[in-house]
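The values are calculated or read from the model by the stated rules, or taken from the named source; none is laboratory data. Just so it is clear, the structure is predicted and the values come from calculations on it, not from any experiment. With ideal geometry, Cβ positions are generated from the backbone for all residues, glycine too; neighbour counts draw on all protein chains shown. Surface areas here come from the heavy atoms of the whole protein model, side chains and all, with no ligands, DNA or RNA. Shrake-Rupley method; radii C 1.70, N 1.55, O 1.52, S 1.80 Å.
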Amino acid sequence: MVATPLAKKDPKYNVWQQPEDDVDRKDIRRRYRQYADSAQGFILGPMPVDEFLEFLPETDMSNMPRPVNAFNKVPAEARTEQQIYKPLIAAINGTRTRSRKSQRRCPGFTFKDTATSGAELGDIGSMNAHVSCYSQDINDSHLTSAGPLGCADLYIDVQRHPGLDPFTDPGPEDDRSEHAFFQTPGDHRARKEAEEAFGRNVACATEACSRQHRAFYFSISLAGSRARFLRWDRCGVIASESFDIRVQPEHLCEFLWRYAHASSSQRGYDVSVEAATREEEELFRDCIERHVKFQLDPDDEELVVAMEEHYQPGAVVAINVVDEGSPDCVAHRLLVSRPVVSPVSWTGKGTRGFWAVTAGSPRGEVVFLKDTWRHNVEHMKEGNILADLHSAGVPNIPRLVHHGDVWDQLPVSSGRVDSESDLTYTRDETTVLQYTQTDRFRRAAWVCTGGENHKLPPPLVHYRLVLGTVGYPLQRFRGTKELLHATYDAYEAMVAAFHAEPGKRRLHRDISVGNLILSKDPHSGENIRRGYLIDWESSCLVTEEGSACDHSRTGTIQFMSMRLLTSGESVSHTFQDDMESMLWVVLYSSLLWLGHDHPPNMVVTYLFELFDHTWINPEGVLKGGSGKLSNQVGQDFTDRIQFSNPAFREWLDAVIKFNSSHIVPHLHDMESAMVWKSPELLGKFWKDFLSTHDLSNDDRFPRKLYPRGTTWRRSSSSTLSSTSSNSGTTHPAPVALPSRKRKAADDTVAADSERTTNSRVPAVPRGSCTGPTTRSMAKRRQVECQGRGVAAGDFDSPIQPQWSPRRLKPRPAKIDNTSLARRDRKVRRSQK
């Protein structure tokens, strides 16, 4: 079995907390609707069933069991999903009775009920498909370590009746350019339930692709007895036409038979990944432990937790990475286990990052493996970009080891090189790479567009990059000194890349917390962690005037400059935009992980206003930056914060002044504006500041935050302090620009953040009751409080409507049938 665990962060680095009782069915359904909404524009259909079956190879059908009446015991609709998938599983797996034995419809595979394999929370990592298909080589220990979808060859999503199919096939006379395929006829409730069902399907596919090494993935969607085939890849999903398995069982029978006789690569597996040997797993564990000790110098307890981020026993695999830079296309064998980054979407680049170990030497070398899907443009290969930057002498960027596209099939090796585990291959015109396929069908005659253009990305190619710089993300800095030194190191890389020789000058264009790492270089002899600027795949060349050659807006939304956020989709990126992004990175990090005098609720409000507040304008363009502009003009946010480190406050005020003088002319002196206009002057100020100020490297502050909408209670940890800790959180990821319009009001924040409340009924006095207060009791007491003219939970203050998240109606009074009868009024009695 070849599977990969999901990324796992050290709990002490989690800043954002989630109340234990915060997840309920409404939250889960909301998440499913979000998954379904995000999938719109990436769905192609309905593909004719015969054409869909061509995704699988033809095979000898003479031994296939007869399809007649194969699924007659599957009801056309039912009250529960179990009533549909129980007989379906029996029909596919074959049944044994004393009188006869039916053959398997999918030889070599077993279909199992996995709907109740665990608690389903609507998040990637907790999903359970209704029915999962497993190779007969999979045992219970595999399912325990990898999860139900980590081992599933394919899965079947089941809904109770055909009305819950989220797709609608067009009629023979319908215009497919106007027909909306992703829609459900019927009332609002049915459409909402169908949308949630498809969102659950998307979540299952996402988790399956996140837990497995895949080029694509098959699944089956069943609504009542009507089925569709689905093929998922990083460009989108193709759905077949709907058919009734009771009336046309031959379609499902042929699909299962073909699937059973297809090779691993034809079923969607990445064949360049294979299971590691026991000796290789021991090598991997020892090398990772040695590197963790070198980077962190942890105690025994910290070492155990740090190892869990990169290693899961029994889940080590070997990946063959072809080095296209070598004349003979050497394939290096790398050992990996748990990634530090897992994809959270089934579309897009699907980037996974691993601490990897080279398997070619007895001691092994720890490297970083970036596994991603790149755009099919040769000059956009990140390995080529890093090679150019290194040749131009750019410092503080990761060391390039090798890189290359992933081959669909590794041919017979032409021999071994010096390393025992490395093989050489010859690349010619017959070499086939792992490409996405969905984009090939965007203009097919059967595609329904519904009057809208699909958002399918251009063709993507599976690509791997191996780097020699391995460390931890910036958010794990130990104090002010390491924060400002690491960001200065990254700034040096930005400046050097911008001033490189013609043809190699570049703008990074995605300066963010996640794209800076801290690492000790084992080859330098220094025992300090330096900052490195990584992820150059979004960078572009620079014109003679100093602006980006590519005029598309890109970057991580939270850290994009105010100018970019207030511009349209087509805007030329400048170096000053990257400078401003670096300022926002430092400010974001200081608000979360340095000591200051603001309570948690105010920190969350500032984070939202400065980094997350965006909206869609009437033209459908994402806008933002209002909080950043407000702070640039009058320091409306940073002026109110008192940091525990005066030196950091001095640096922050100076850099904000430089930035605001450039953004708003004549706001300050011209000398400050010139500092921002000239990158070298800011670099000189920064370097002199670091050399003349004594900064603490042990003033990280432990901070626990709750998402907006949670009722806050001020604690002692919210006061000004410089207590040392190692607290952190995951960084914001680059966000795809939404295409659907939404109301700007949805993103507004309450003027008084102290009154931020959650959606639950507030606590109320319990009176003489000594038992637990139930939700219904809370509602009744709130109604009673309203009737007496006081607010729930506060009997001494007037009614405050903002504390009532729901309009609660009092229970209707019980009807006195005896009194009504005495008044000669008819009383309707129930008939037993």
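Scanning segment 590-599 for residues that are part of a helix (DSSP H, G or I) and surrounded by fewer than 22 Cβ atoms within 10 Å (Cβ to Cβ) returns a single hit, L592. Selection of segment 174-190 for residues being surrounded by fewer than 19 Cβ atoms within 10 Å (Cβ to Cβ) and either of a type in the set (F, W, Y) or farther than 23 Å from F229 by Cβ (or both) yields D175, S177, E178, G186, D187, H188, R189, A190. The set of residues in segment 385-396 that are under 14 Å from L467 (Cβ atoms) and either in a loop (DSSP other than H, G, I, E, B) or open to solvent by 20 Å² or more (accessible area, probe 1.4 Å) (or both) comprises A387, H390, N396.
Given the residues S552, S539, which is the only one that is of a type in the set (G, A, S) and open to solvent by 30 Å² or more (accessible area, probe 1.4 Å)? Steps first, please.
Values: S539 fails: open to solvent by 30 Å² or more (accessible area, probe 1.4 Å).
Unique residue meeting the criteria: S552.
Of all residues in segment 637-648, one or more are open to solvent by less than 40 Å² (accessible area, probe 1.4 Å), in contact with a strand residue (DSSP E or B) (Cβ under 9 Å, 6 or more places away or on another chain) and not in a loop (DSSP other than H, G, I, E, B).
Taking (1) modelled with pLDDT of 85 or more; (2) closer than 24 Å to V341 by Cα; (3) not basic (K, R) in turn, P457 satisfies each apart from (1).
Please count how many residues of segment 445-483 are open to solvent by 30 Å² or more (accessible area, probe 1.4 Å) and either within 30 Å of E51 (Cβ to Cβ) or among the β-branched types (V, I, T) (or both).
The initial filter retains those residues of segment 445-483 that are open to solvent by 30 Å² or more (accessible area, probe 1.4 Å), namely 445, 449, 451-455, 458-459, 473, 478, 481.
From what is left, the residues that are either within 30 Å of E51 (Cβ to Cβ) or among the β-branched types (V, I, T) (or both) are 445, 449, 451-455, 458-459.
Residues that pass the stated criteria total 9.
Listed here are the residues, each with its yes/no results for (1) among the charged types (D, E, K, R); (2) crowded, with 21+ Cβ neighbours inside 10 Å; (3) modelled with pLDDT of 90 or more.
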| site | (1), (2), (3) |
| --- | --- |
| I92 | no, yes, yes |
| R98 | yes, no, no |
| C106 | no, yes, yes |
| T116 | no, no, no |
| E120 | yes, no, no |
| H130 | no, yes, yes |
| Q159 | no, yes, yes |
| P162 | no, no, yes |
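Can you list the strands (runs of 3 or more DSSP E) lying wholly within segment 258-373 that have 1 or more residues being buried (at least 22 other Cβ atoms within 10 Å of the Cβ), over 23 Å from the mean Cα position of the chain (by Cα) and not basic (K, R)?
Numbers: elements: 273-275, 317-323, 330-336, 352-358.
Filter on segment 258-373 gives 317-323, 330-336, 352-358.
Take the residues of segment 663-711 that are open to solvent by 70 Å² or more (accessible area, probe 1.4 Å) and in contact (Cβ under 8 Å) with a residue 12 or more places away in the chain: which is farthest from K12 (Cα to Cα)?
Step one: of segment 663-711, the residues open to solvent by 70 Å² or more (accessible area, probe 1.4 Å) are 665-666, 668, 670-671, 674, 677, 680-681, 684, 687, 691-692, 694, 698, 704, 706, 708.
This time we only want the ones that are in contact (Cβ under 8 Å) with a residue 12 or more places away in the chain, so: 677, 680, 687, 694, 698, 704, 706, 708.
Numbers: K677: 40, E680: 38, K687: 32, D694: 28, D698: 16, K704: 10, Y706: 15, R708: 21 Å.
The qualifying residue farthest from K12 (Cα to Cα) is K677.
Of the strands (runs of 3 or more DSSP E) that lie entirely inside segment 159-247, those containing 1 or more residues that are assigned by the TED database to the domain that holds Y32 and farther than 30 Å from D408 by Cβ span 217-223, 226-233.
Inside segment 148-194, can you point out the residues that are polar (S, T, N, Q) and either on the phi > 0 side of the Ramachandran plot or touching a residue at least 60 places away in the same chain (Cβ under 8 Å) (or both)? Across segment 148-194, the qualifying residues are Q159, S177, Q183. Looking across segment 397-415 at every residue that is surrounded by fewer than 20 Cβ atoms within 10 Å (Cβ to Cβ) and either among the β-branched types (V, I, T) or touching a Gly at 6+ places or on another chain (Cβ under 8 Å) (or both), the one that is modelled with the lowest pLDDT is identified as V412. Take the conditions (1) aliphatic (A, V, I, L, M); (2) open to solvent by 30 Å² or more (accessible area, probe 1.4 Å); (3) at pLDDT 95 or above; (4) in contact with a strand residue (DSSP E or B) (Cβ under 8 Å, 6 or more places away or on another chain); A239 misses just one of them, which is (2). Only one of the listed residues (V330, V305, V316) is in contact (Cβ under 8 Å) with a residue 60 or more places away in the chain and within 27 Å of L518 (Cβ to Cβ). That residue is V305.
Residues checked against (1) in a loop (DSSP other than H, G, I, E, B); (2) over 21 Å from A239 (Cα atoms):
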| position | (1), (2) |
| --- | --- |
| R29 | no, yes |
| Y32 | no, no |
| A36 | no, no |
| F52 | no, no |
| T59 | yes, yes |
| A70 | yes, yes |
| R79 | yes, yes |
| Q83 | no, yes |
| R104 | yes, yes |
